[in-house]
Each structure stands twice: as C-alpha cells, then as structure tokens.
Amino acid sequence: MESKQWYMEYKIHKNRPGLLGDIASLLGMLEVNIMTINGVEDRTRGMLLQTDDDEKIELLGKMLQKVDNITVNKLRTPTIVDILAVRHGRYIERDSDDRKTFRFTRDELGILVDFLGEVFKRDGNQVIGLRGMPRVGKTESIIAGSVCSNKRWTFVSSTLLRQTVRSQLSEDEMQPNNIFIIDGIVSTIRSNEKHYGLLQEIMAMPSTKVIEHPDIFIKESNFDYSHFDIIVELRNTPDEEISYESFTANYTDDF
C-alpha cells in the first residue's frame, strides 16, 4: 500500500514529563512516522503522520483512548486547515455558519499566502472568492500564493497597476494550470461583450479562478454563490466592515 499522511490532534489534560516521548515511542513501535509536530492551541498538540498501513492508524486511535492524560480530538486524512495548523501553530478562523468562508487580517498575510498556495496546488476546476477593502493586500496575496504553488498567474481583469479588461488571452495564458485573477467589479461594471465572452470561457475551464469582490460579481453576472468553492475575507482589523458602497463608484468613472 502507498504511504499516506494522517493528521492527529490531541488535548493534554496533564502535561507530565515524558508524555510526548511515550506517544512518540508508541508511534515508533507501530512504524508510523512523525512528519511534523507543533502545539496548535492551548494544551493541544497536532501531528502530521505517515504510514503505508491504515490499520495501524485505527489501532493507534484505540490504544490512545486508554491514555488518561490526553484525549484524541482528530485522527483523519489531513485537510489544508490541518496542515497549516501544524505549520503555523494555530487554526485559521472559519465562519461557524458558512464553513467555506475563511477570515484573515492584514497581519496574517503570511498565513493567507500559505493557505492560498496550498489551495492553488489542487488541480481541476475551483472558484475562490476574495473579499476585502481596497489596498488591503488581496491581489498581492493571490500572486504570492501562485508563486508558492509554482503556478503562473494571468490577469483577466484588474486594477493593480491600471484598470485592465482583457478581451482575449494568448495560447500560453489559456492553460488550465494557470491561476486566473478576476476583479469582480471590473469584469461586470466595466466589461464589454468580448470580455464577458472570454470570462464565460475561463469560468468553464478546469482551472483555478480567483475572483476579487465576489459579491458584486454574483450580483452583476449570471453566476451565483454555489459556483464558489471557497470564500476568503481579508481585513485590516478583525472588526473592519467590508462595504462596497465606499469605492464601487470609482469603477464607473472614465479612466
């Protein structure tokens, strides 16, 4: 059987000397490798494990149920959130009602870039929405995430340097492995028929699309919330309100 990774997280009730060593010894006897280990939250420890035998993980879970000093909270195939929790020592904030919405602040750009980089590594069709006020670091984070995933990025519409509305892309740019960056306001309020045709073609491709200002994009197009796999919110401060009324008018002015 091919080796695969597992995520184990346990809560420490009594952090006695030698506790981690005992768990590591148990993993060693089962020939389960510890790939990464870190404290995740207060008195909580996370591990990325690797083994080529799923039964060993099942046995590990049963054995650790008998250890009074800890409680195993999670023992599963790792998600992106799990991988980043071990890597950065904390969980990404996630909407309790809408589980596909993830929240970051500007002082967490490093974690956001890492998160986007992991998401961008996935193949196939995925649509990511990125909410945030102007100059908070949305586009820069997308580009940095593309670099982390070793993928090329292509601007379909943008205001990073000047307002850009593409009506066609080159053959090299129209590769499914590229990251397509779309400004949801520019592509709807400032678009023309040719641009909208290109947009429809890109949205149908088996590729990653990142749409800034997804709420305006949904409001002004025939796409809806169900088309989005992930929504990312980026704020300057945790309590900042993301309001489009203060800046959407700028997009309708002549440039």
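Could you sort out which of LYS4/LYS121; LYS14/LYS66; LYS4/LYS74; LYS138/LYS209; LYS11/LYS100; LYS4/LYS56 sit more than 19 Å apart by Cα distance in this structure? In this structure, LYS11/LYS100 exceed 19 Å between Cα atoms. The modelled label-to-label distance between LEU59 and ASN222, using points 7 Å beyond Cα along the C-beta direction, is 5.8 nm. Counting only protein heavy atoms and a 1.4 Å probe, the chain has 52 square angstrom of accessible area per residue.
What does the charge count near ILE242 come to, summing +1 for each Lys or Arg and -1 for each Asp or Glu among other residues with Cβ under 12 Å from its Cβ?
Numbers: positive: ARG103, ARG131, LYS138, ARG235; negative: GLU212, ASP215, GLU233, ASP239, GLU240, GLU241, GLU245.
Computed value for this residue: -3.
Taking 17 Å as the cut-off, the amide N atoms of segment 1-19 that come nearer than this to a point 7 Å along the Cα-to-beta-carbon line of GLN50 belong to 1-8. Here's how it looks for SER167: its modeled amide H is under 5 Å from none belonging to a residue 5 or more places away or on a different chain. Each Lys or Arg adds one and each Asp or Glu subtracts one; over the other residues with Cβ under 14 Å from the Cβ of ARG99, this totals -3. Net length available on complete extension from TYR91 to ASN38 is 17.9 nm, with 0.36 nm assigned per residue and the Cα-Cα distance removed. Working from label points 7 Å from Cα in the Cα-to-Cβ sense, the ILE242 to CYS148 distance is 1.7 nm. Relative protection proxy for 164-173, 74-83, from highest mean packing down: 74-83, 164-173 (other beta-carbon atoms within 10 angstrom). With the charge dipole of segment 92-254 set up from +1 on Lys and Arg Cβ and -1 on Asp and Glu Cβ about the Cα centre, the Cα lying farthest toward the positive end among the listed residues ILE182, SER146, LEU199 is that of SER146.
In terms of the Cα gyration tensor, with a ≥ b ≥ c the square roots of its eigenvalues, is segment 4-85 rounded because a/c is under 1.5, prolate because a/b exceeds b/c, or oblate?
Verdict is oblate for segment 4-85.
Taking the chain as a Gaussian network of alpha-carbon nodes connected by springs under 10 Å, the highest mean-square fluctuation of the residues ARG131, ARG43, ARG106 belongs to ARG43. Close amide-amide hydrogen proximity is noted between ILE179 and ARG152, TRP153, THR154, each under 5 Å apart and 5 or more residues distant or on a separate chain (H modeled in the peptide plane; Pro and chain starts excluded).
Carbon and sulfur atoms: what percent of the 1.4 Å accessible area of the chain do they account for? Numbers along the way, then the final one.
Details: 6060 of 13220 Å².
Roughly 46 percent of what the probe reaches on the chain is carbon or sulfur.
The values are calculated or read from the model by the stated rules, or taken from the named source; none is laboratory data. Nothing here was measured: the structure is a model prediction, and the numbers come from that model. Here the Cβ is made from the backbone with ideal geometry for all residues, glycine too, and neighbour counts use every protein chain on show. Please note that ligands, DNA and RNA were not included when accessible areas were found on the heavy atoms of the full protein model with its side chains. Shrake-Rupley method; radii C 1.70, N 1.55, O 1.52, S 1.80 Å.
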